[in-house]
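> The structure under discussion is supplied below as structure tokens; questions concerning it will follow.
The values are calculated or read from the model by the stated rules, or taken from the named source; none is laboratory data. These numbers come from a predicted model, not from an experiment. Counting neighbours? That spans all protein chains shown, and the Cβs are built from the backbone with ideal geometry, glycine included. For accessibility, only protein heavy atoms count, side chains too; no ligands or nucleic acids. Shrake-Rupley method; radii C 1.70, N 1.55, O 1.52, S 1.80 Å.
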Amino acid sequence: MPPQTPKKQAPFPTREQVVAYIRDNPDHVGKREIARAFNLNAEQRPLLRALLKDLEKDGTVQRGRKRRFAPPGTLPEVTVLTVHGTDADGELLARPDTWDADELGPPPRVLVLPMKGRHAAAIGVGDRVLARVARDGDSSYVAKPIKRLASAPTRLLGVLAEGPDGWRLRPTNKRDRNEYIVRAADRGEGGLGDLVEAEIVPGRTYGLRMARVLDRLGDTANPRAVSLICLHTHGIPTEWPPEAEDQAKAAGPTPPEDRDDLRDVPLVTIDGEDARDFDDAVWAESDPDPDNPDGWHAMVAIADVAWYVRPGDALDDEALRRGNSVYFPDRVVPMLPEALSNGWCSLRPNEDGGCLAVEMWFDARGQKIRHQFRRGIMRSAARLTYTQVQMAVDGTVDDTTGPLVEPLLRPLYGVFAALSGAREKRGSLELDLPERRVMVGEDGTVLGIQPRARYDSHRLIEELMVAANVCAAEELERLREPCLYRIHDEPSQEKLGALRDFLRTLDISLAPGQVMTPHLFNRVLERARDTEHEHLVNEVVLRAQAQAEYNPDNIGHFGLGLRRYAHFTSPIRRYADLMVHRALIRGLRLGAGALEDDQAEQLAEIGGHISSTERRAAAAERDAVNRFIVGFLAGKVGATFSGRVNGVTRAGLFVTLDDTGADGLIPISTLPADFYWHNEDARCLEGREHGRVYRLGQPVTVRLREADPLVGGLLFEVLDDDGTAPAGRRGPRTKAGGPKGGRPKTGGPGRRHGPPPRHRGR
């Protein structure tokens with residue numbers, strides 16, 4: 001019998017091919033299925049295992065039940081959901097209980113079908129269900145409930161109102177469109193128009209669910225109610241433990257003994273006009289060393305919070321719990337009591353204060369030659385603002401800045417120029433996302449919305465703070481002390497793929513296969529500069545980035561292009577900086593307040609906690625700014641605004657106004673009558689019959705229809721170029737899906753005229 005010809009070995013798939021196969025198969029797939037798909041033999045399977053391990057390690061895929069793989073954020077086939085609201089058709093929407101929003105971003109849209117069978121139960125908002133889920137497009141699911149689960153009473157914020165049959169509670173969460181019945185006996189001390197915290201009464205009844213008032217928070221007629229809503233919604237701590245408050249009130253001046261006397265150095269603080277605490281001061285001069293021609297000598301001095309807040313005391317426990325300060329337009333929720341944050345730890349002019357300072361020497365190109373840390377006593381020569389400093393350098397001085405221009409401000413700008421050159425050479429991400437300042441009066445009312453000015457004086461302080469942070473990380477590595485680094489990973493392959501797909505629609509390329517660097521992103525931003533897509537491209541590039549975090553394991557900071565980076569410069573408002581100060585004090589043997597062994601052993605847990613409190617604060621601050629802006633626009637219903645489409649969904653278009661930056665929804669039901677396809681690939685709504693197209697980044701003129709500051713919601717309608725509503729509006733026929741001429745490629749079934757369906761037949 002002739003020998004058999006050995007079977008030809010199939011080529012081993014590339015990383016991109018494996019990822020594409022996992023992404024294109026909606027069900028979780030295991031190694032066996034992948035090996036079969038690529039005809040791999042036994043010798044190639046160890047290579048596949050190693051590849052899948054690498055993909056899982058860098059977050060490109062996730063491992064689910066039964067050792068099966070899927071793209072990040074894919075829900076398991078059976079999961080627990082909590083029903084949180086309804087859509088425009090009255091159908092239930094839910095979110096997965098195990099979803100990590102900090103890691104994965106916003107949860108997917110999950111539509112819950114009615115429960116069927118002999119043991120079917122009524123399901124409503126607040127219920128938890130075990131359900132079998134299936135994909136419905138790239139970013140949404142349909143869930144078939146298996147059983148309703150018991151759950152603790154759900155708490156919510158709302159406004160008390162009168163209803164046709166008694167009291168009602170209207171939630172402040174715009175995702176919850178339901179009202180709740182409040183019996184007179186469950187109203188507590190709440191009255192008409194009061195903001196209250198309530199709990200949903202367990203159990204099911206016909207009609208609306210019932211709620212019980214737990215606490216009256218204030219009158220919604222008070223403009224400051226907006227901040228109260230945000231504080232309670234995001235769980236921001238506001239009350240001080242008596243022990244911590246007493247400890248702060250008992251504090252006194254920092255003793256100068258055993259400290260370097262820096263009071264002859266004319267350090268100054270430079271902050272915004274609305275700054276409430278001053279924890280960093282700066283100084284610079286030309287380096288007198290002849291071996292460093294055209295070089296610079298600079299100092300950054302930071303408030304010595306570690307002297308007042310010792311490991312394990314009441315102040316430390318509360319500061320760790322809060323993690324950071326939270327800044328709203330009308331108030332600040334500090335990490336430390338006011339007696340410290342605005343008192344003993346604040347570097348106020350002409351007052352002695354303890355500091356931890358770093359001296360730095362740079363050459364003419366901005367490269368650091370050396371640095372030295374000192375624990376000292378300082379006296380701020382002046383409290384300056386960014387505007388004041390910029391005007392002085394540009395030639396308009398006042399009584400405070402006039403004497404400081406030549407001896408101090410010019411050298412500071414010289415250091416800035418050198419450091420900026422070094423930054424440009426090493427490469428760092430240069431996003432241009434304008435911020436807006438909400439100006440609030442003493443009574444809490446919004447006086448106006450203004451773009452925040454962006455001067456070289458802002459960049460000057462940023463460059464010096466970055467340099468000081470680098471020195472802190474390098475010093476702790478030199479000392480072999482534990483360090484809580486500020487790390488920023490490269491973007492994931494999945495996010496890069498989505499970004500490439502979007503940029504392709506704008507004829508901007510981001511070539512695959514390259515080693516990702518900030519330089520590549522900056523080229524994309526440069527391509528979009530001075531075009532109608534500039535702001536949008538900056539936004540999507542930002543969304544593609546990984547989230548920065550605090551971690552004792554250093555992987556560098558991708559966005560800044562730095563190998564070592566730690567937050568050192570704001571210990572009044574960030575617990576991470578306080579930990580870095582303590583580690584430096586311990587390593588350099590600078591006295592009391594050093595890092596203790598038990599905290600050093602818990603750096604990973606502390607880093608995870610304060611990373612989450614930072615994200616919580618950022619979400620609360622965004623929410624507050626949005627609600628204040630909505631309140632400002634509430635008196636402008638019917639007015640016309642220009643804006644741009646910043647989101648396209650089956651529900652309609654999300655638009656950002658040009659002047660205020662406010663975000664709102666143009667419901668799809670208000671668009672001109674047509675049959676609309678939601679083209680997810682092109683990120684647009686396409687009208688099949690009349691050819692209207694609404695796409696991401698498109699400029700639009702809109703009329704404000706509704707503004708509700710209590711829920712932070714804005715509703716608009718789109719207008720033609722002449723300021724009139726488009727002709728033919730009669731309640732549109734709409735459908736979500738893919739390309740014309742057949743079943744949608746992505747998305748799901750849509751809606752036509754007539755009553756909403758009970759379910760979508762899936």
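> Can you pick out the pairs among Lys31/Lys495; Lys53/Lys116; Lys174/Lys495; Lys174/Lys636; Lys53/Lys144; Lys57/Lys144 whose Cα atoms lie more than 30 Å from each other? Let's see the in-between values first.
Working: Lys31/Lys495 24 Å; Lys53/Lys116 41 Å; Lys174/Lys495 28 Å; Lys174/Lys636 20 Å; Lys53/Lys144 32 Å; Lys57/Lys144 32 Å.
In this structure, Lys53/Lys116; Lys53/Lys144; Lys57/Lys144 exceed 30 Å between Cα atoms.
> If you don't mind, there's one more thing I want to ask. So how much accessible area does Asp352 have, in Å² to the nearest 10, using a 1.4 Å probe?
80
> When ligands, DNA and RNA are left out and all protein chains stay put, how many square angstrom of accessible area per residue does segment 581-651 have with a 1.4 Å probe?
Numbers: 2920 Å² over 71 residues.
Value for segment 581-651: 41 Å² per residue.
> Quantify, in whole percent, the carbon and sulfur part of the accessible surface of the chain (1.4 Å probe; protein heavy atoms only). If you can, show how the numbers build up before the last one.
Values: 17610 of 36520 Å².
Ligands and nucleic acids excluded, carbon and sulfur give 48 percent.
> Follow-up. How high is the relative contact order of segment 406-547, in percent, with contacts defined as C-alpha pairs under 8 Å that are six or more residues apart? Before the final figure, lay out each step's value.
Working: 94 pairs, mean separation 39.6, N = 142.
Reported as a whole number, the value is 28 percent.
> Please identify the chymotrypsin sites (Phe, Trp or Tyr not before Pro) of segment 138-244 that satisfy two criteria: DSSP loop assignment and at most 15 other Cβ atoms within 10 Å. Which are they?
Numbers: sites: Tyr141, Trp167, Tyr180, Tyr206; in loops: Tyr206.
Passing both the DSSP loop test and the Cβ count: Tyr206.
> Show the residues, 5+ positions off or on another chain, whose built amide H is closer than 5 Å to the amide H of Thr649.
Phe654
> Further question on the same structure: Long-range amide H contacts for Arg436: which residues qualify at under 5 Å (H placed 1.01 Å from N, peptide plane, sequence gap of 5 or more or a different chain)?
Distant-sequence amide H within range of Arg436: Arg452.
> Okay, moving on. Using +1 at the C-beta of Lys and Arg and -1 at the C-beta of Asp and Glu, which of Ala20, Gln493, Ala604 has the Cα lying farthest in the positive direction of the dipole of the chain?
Of the listed residues, the answer is Ala20.
> Need one word for segment 436-581: rounded, prolate or oblate. Basis is the Cα gyration tensor (sqrt eigenvalues a ≥ b ≥ c); a/c below 1.5 gives rounded, then a/b vs b/c decides. If you can, show how the numbers build up before the last one.
Working: a/c = 2.23, a/b = 1.13, b/c = 1.97.
It is oblate, given that a/c is not under 1.5 and a/b is not larger than b/c.
> Of [x] 16, 51, 29, 5, 0; [y] 15, 42, 29, 12, 2; [z] 14, 43, 34, 9, 1, 0, which is the value of P(r) over Cα pairs in 20 Å bins from 0, in percent derived from the coordinates here?
[z]
> Over segment 232-280, average the accessible area per residue using a 1.4 Å probe and give it in Å², no decimals. Numbers along the way, then the final one.
Working: 2650 Å² over 49 residues.
Heavy-atom SASA per residue in segment 232-280 reads 54 Å².
> Can you give the relative contact order of segment 227-358 as a percent, counting alpha carbon pairs under 8 Å and 6+ residues apart?
On the way: 154 pairs, mean separation 42.3, N = 132.
This gives 32 percent for segment 227-358.
> Run the quick spin-label model on Asp219 and Glu689: label points 7 Å from Cα toward the beta carbon, then report their separation in nm to one decimal.
5.1
> Taking Cα atoms, how many degrees apart are the long axis of helix 534-544 and the longest axis of the chain, rounded to 10 and kept between 0 and 90?
Long axis of 534-544 versus the principal axis of the chain: about 90 degrees.
> Please list 693-703, 333-343 highest first by mean number of surrounding beta-carbon atoms within 10 Å per residue. Mind showing how you got there, number by number?
On the way: 693-703: 18.0, 333-343: 21.0.
Final packing ranking: 333-343, 693-703.
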